[in-house]
Amino acid sequence: MQAVRELYDDFIRTFGNVLFAVLLFIVWGLLTLVGVIIAQGKDPATYFDSYAAPLARLILRLDFNNIYHTPYYVGIIGLILLSLTVCTFKRVIPARLPPLRAVAIDKIPLHASFDVVGDPESIRDRMEAFFRARGWNVRKRELGGVEWTFADKHNWARRGVLVAHAGFVIIAAGTTIYWAKGFSGDEAIVTGQTVSVPHTQTSIRLDGFSYKIKPIVTKSGMVYQPIDYVSRVTATGSDGVARTATIRVNHPLDVDGVLYYQSSYGFAMRFRVTHDGVRVPALMNRDYLTGDEIDLPGTQRSIVVAQFVPTVDRLSGQPSADPRINDPAVFLQIFDSGQAAGAGLIPMKAAIDAGGGWRVTPERYLLVSGIQYTHDPGVSLVGIGAFVLLAGLMISFYLLPARLFVRVDPGPEGSRIGLAAMTVKGYDIFERQFNDLAAALGTKLIGDSRG
Amino acid sequence: MANAQMPLDEVLMIIALGAYVVGALALLVYFFSRSEWLRHLAIPLAIAGCAAQFGQLIARYEITHIWPLLNLYGSLSLFAAVAVLIFIIFAFRYDLWFAGGFVLGLSALFLAYAITWNEGSMPAVPSLQSYWAKIHVPLVVSSYAAFMVSFVISVMFLVKYYFERSLAKQGPHAPVTMRMDTPNIAAAAAAGNAGAQWLNTIPSLAQLDVLIYRIVAVGLPLLTLGIITGAMWAHESWGHYWQWDPKETAALFSWIVYAIYMHLHTRNAWRGVRSAWVSLIGFLSIMFCYFGVNLWISGLHSYKV
Ligand code: HEM
């Protein structure tokens, strides 16, 4: 029992320490930085291309290629939340909301004392009026036989830290809801095709896709600047009603609480495939996306659709940088038993001879729209949390809760005033104001008592 | 003939650059000489440069009808302008002119670098055609600007602190009594040490520490709001408010560094030299987020759809 108690005390002591929280923040920061520097979510070969083999192996072994979803990344945020909770109850609340108590005035760095004429009782009253007139909230207490006056400014703002911390917890709760109940994914839809979206009862048909690109002459040469991407779709949701809609960048479509976004575009190809002059419909009635293969039956050969080229440069016969469709062609690679056996940039309607009587002719291209979808039931909570966090930051940073401790004892001239100040942000930040205040108070009381 | 003339926005840019360079020189000499006329010369120059910069951004928008902040040229020039603006406000409020040579000098450097990125006018790619661009970019850039000013003060803090330490080690000067006192600098200044005399005229370490805190307290809420509006924009344009894109995560990293700063600053024993180092690291991380990610690491923020 004793051991459990000690363990519990150790836990509270450690997790309730701001420096421990700072240590957790440092680890969180470093892990985040790893994810900035190492490209995330790429296939393993990419890491072997970019880094020395041992380093690449280390990256993959430690899941640094997908760091934000690793148990230790999530774990460190969990530890921060735990530390935040312990700290809030063990440190923030006692430190920020302390009871009114007696202090040793001259032990506090910001202190002043002066003698004034008049009995302590009337001086206390005049002092109270002085503080109130300057916006201080005054309370009086008798503690250990001494009459204390306490004056507070921005006392409510002592809770700013609590608000900031609560904001962080709300954001964490919102993201957890997404992990538990949300989903997202993407679909490449070829013009005319219908896809049913996983996790939902929605189907989406791409009626048409268009894009607008503008050539612009800049100081360093010609740039093709995309201006617009638009998908015209027919979406059928859970009510079974088909509705037409457009999806463009920054203008998603909402179907049954799932949002559909324009995320990318590409091209699909149709080919005319003949063997000894005879058409092979099984290979022709298909849409081939970039990277797809045409396997020639009865042979070891395949043709890979390597790249769609919207415009071929007429002079050089090479792909041009112009992404608009003027003179389209497709880059095809021929493989035989897995070995490269030829390649060519083949214009539309021209044919490539794949050997053994096989000929492949690019017949037409179709636009493909990349649609991303997301369902995130936690998003509004995250939004609320973010603004609560921001409000907490502003309250904590821009308001300086300060408390004055004042006692008036009988003194040589009648009364001796002892005045000290504490703030939630140390003493230096309040030094100038304190000196001004003490000087004004002295002048007022001395002036008053003379008058 | 008209085509051969420099457009108004570029003229304003050159005026701002000139004002900052002369203003920086005047304030640097003021920093050492304390001749008041230099300060009186530099203040209007700083204000004029800043006004010319905002004028430049407006002129550019009027000429091209394209929101001018969406490339490095525009955003860097806003960065320099806001840094000078924040500096001017703080300088009037907290008598910060002693740091002006460095702030204006850095702003001039960033502005000169911005000019090298002037590619002429370009319409925005689809994902940038959003009203969020008009909110998010100024917020983020303003937070960077605030951090630049706090960086300058942090460097001054550290120089003063380590100068005091090195004097204390050399003896036979006064021992350091309080963490934030600089009795050795005061003694060396009285004995005619030029470095000590300069450092003796800038505010005390305690005051510098409070200044750093106050400026970070402007930058951190701006960065937080910048990240929030960025997330809202991402939600609208990419389908998720947080994609772990390198730019987002680099900004998160900077946010974490400044959150560390704020927490250290709540502790008496860690306030001062340690928190000044964290503020310095914070600005380096901001620079990495701003330039490192743009130039070396590609991601969604490199605006390829
Ligand atoms: C990302 C999450 C967090 C945020 C946004 C945050 C925010 C803040 C802010 C704004 C302040 C006020 C600073 C000032 O007034 O100068 C503060 C203070 C504080 N925070 Fe946090 N904090 C976070 C996490 C934590 C954690 C994990 C702990 C746990 C140890 C913690 C403990 C404290 C303490 C003890 C104070 C100072 C209270 C005082 O002594 O007055 N915070 N925090």
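The values are calculated or read from the model by the stated rules, or taken from the named source; none is laboratory data. Please read these numbers as outputs of a predicted model, since none were measured by experiment. Glycine gets a Cβ as well: all are built from the backbone with ideal geometry, and neighbour counts include every protein chain shown.
Yes/no per residue for (1) over 26 Å from A:Pro412 (Cα atoms); (2) within 16 Å of the ligand (Cβ to nearest atom); (3) within 14 Å of chain B (Cβ to nearest Cβ):
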| position | (1), (2), (3) |
| --- | --- |
| A:Asp119 | no, no, no |
| A:Ile123 | no, no, no |
| A:Met127 | no, no, no |
| A:Asn137 | yes, no, no |
| A:Glu142 | no, no, no |
| A:Ala151 | no, no, no |
| A:Phe168 | yes, yes, yes |
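If you go through segment A:272-279 one residue at a time, do you hit one that is under 17 Å from A:Ile334 (Cα atoms), basic (Lys, Arg) and modelled with pLDDT of 90 or more?
yes
Filter segment A:94-117 down to residues that are within 16 Å of the ligand (Cβ to nearest atom) and away from every other protein chain (no Cβ under 14 Å) and give me whichever is farthest from A:Leu162 (Cα to Cα).
A:Pro99
Output yes when any residue across segment A:55-63 is in contact with a Pro (Cβ under 7 Å, 6 or more places away or on another chain) and either of a type outside the set (Gly, Ala, Ser) or at pLDDT 90 or above (or both), and no when none is.
Yes; the residues of segment A:55-63 include at least one that is in contact with a Pro (Cβ under 7 Å, 6 or more places away or on another chain) and either of a type outside the set (Gly, Ala, Ser) or at pLDDT 90 or above (or both).
If you check every pair at least six apart or on different chains, which have Cβ atoms under 7 Å apart with a residue in segment A:60-81 that is more than 23 Å from A:Gly385 (Cα to Cα) first and a residue that is more than 11 Å from the ligand (Cβ to nearest atom) and among the hydroxyl-bearing types (Ser, Thr, Tyr) second?
A:Leu60/A:Tyr47; A:Asp63/A:Thr70; A:Asn65/A:Tyr47; A:Ile67/A:Tyr73
Is it fair to say A:Gly41 is exposed (fewer than 13 other Cβ atoms within 10 Å of the Cβ) and within 14 Å of chain B (Cβ to nearest Cβ)? Outline the logic, then answer.
Values: exposed (fewer than 13 other Cβ atoms within 10 Å of the Cβ): yes; within 14 Å of chain B (Cβ to nearest Cβ): yes.
Yes.
Could you grab me the full set of residues in segment A:391-402 that are touching a strand residue (DSSP E or B) at 6+ places or on another chain (Cβ under 6 Å) and surrounded by 22 or more Cβ atoms within 10 Å (Cβ to Cβ)?
Result: A:Ala402, single match.
Run down A:Arg248, A:Arg279, A:Arg243, A:Arg270 and say which single residue is at negative phi and within 12 Å of chain B (Cβ to nearest Cβ).
That would be A:Arg248, the only listed residue that is at negative phi and within 12 Å of chain B (Cβ to nearest Cβ).
Is segment B:250-257 home to any residue that is away from the ligand (no atom under 16 Å from the Cβ) and either in a helix (DSSP H, G or I) or surrounded by fewer than 21 Cβ atoms within 10 Å (Cβ to Cβ) (or both)?
yes
Residues that are under 30 Å from A:Ser83 (Cβ atoms), at least 1 per element: which strands (runs of 3 or more DSSP E) completely within segment A:129-207 meet that?
Qualifying strands (runs of 3 or more DSSP E): A:146-153.
Go through (1) more than 13 Å from every other protein chain (Cβ to nearest Cβ); (2) of a type outside the set (D, E, K, R); (3) closer than 22 Å to B:Ser130 by Cα and name the single condition A:Leu206 misses.
Failed condition: (3).
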